[in-house]
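Report on the structure given below.
Every number here is computed from the coordinates shown, using simple stated rules; none is lab data. Treat the numbers as computed from the prediction; the structure is a model and nothing was measured. Because the Cβ atoms are built from the backbone with ideal geometry, glycine has one as well, and the counts that use them run over all protein chains shown.
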Amino acid sequence: MTGYGIASFDSGSTKYTVEIKSLNSKFLELSLRLPKLFSDKEFQLRNDCSKQIDRGKVNLSINVEQSGSAVRAAGIDNDLLKHYYNQLKNVSAELGEPSGNLLQLALGLPEVVKYNEETVSEDEWKQVEKTFQQALAAFQKFRQDEGDVLEKDVRYRIEVILNNLKAVEVEEPKRVPLIRERLNQFLNDAVAREAIDQNRFEQELIYYIDKLDITEEKIRLKTHCEYFLETLKNQDANGKKLGFITQEIGREINTLGSKANDAAIQKLVVGMKEELEKIKEQLLNVL
């Protein structure tokens, strides 16, 4: 499920911005982009995200913006710089090489330029953690709003399937007279009417119609659709469960279509399949 949340905190000298965004995924794929001073907090942040986010390709980033007075300047080890410079100067004199860029070379040698370790106080981290929780709450709210829209959409499509099922029940009684008429016409064209054993014909007709009976499929399809709507009301994460129910709905729709042997019913079945495919696409966004 997609999601987005952002929150920021400005201490005056430093501004912290926490941003969380996600794309669809069957599992939780968590990616963190943190400043060096928060590297020791990665496990805690991962743990908090895992507890509150069920699945999705989630990206969490914390950005630090410092004012001019808060930027930590680099320092130079003068003794070490002089030591390197003198060594380079002596080697240059021995080799007879020009010594124009020795200072630049000395500045690039290890440990000459040192950067102060970036640290964050416990009070400051608590405020950053609070900002993280605010971004996470905004992220969850975004997902909840999207989920409400998805619920309305899939509920509407299940209702369309149920309405088509009612239309199938209207069309179904028309099948038997049509089947009888077609078979009678076929036999009249193939053999003489007086050669037909009517008793045997009725027996075969009953057997044939029984094979095309869709009563069980209609009952199971209606039951699965009602179970789907009932599961939607549950507050728990039921995306996978709803996916399994749609598989059962699809199975009944396919069987109903294969046994219908009627153009009007087939059109209704095609409409059901179309709505079911749209439901399956939407369920990829449901937790």
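Here are the numbers for the structure shown:
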item	result
Highest-first arrangement of 125-135, 147-157, where packing means the average Cβ count within 10 Å	125-135, 147-157
Efficiency of FRET from Cβ geometry, Ile76 and Lys130, R₀ 22 Å, rounded to 0.05	0.05
Local electrostatic count, Glu169, Cβ distance below 12 Å [Lys/Arg +1, Asp/Glu -1]	+2
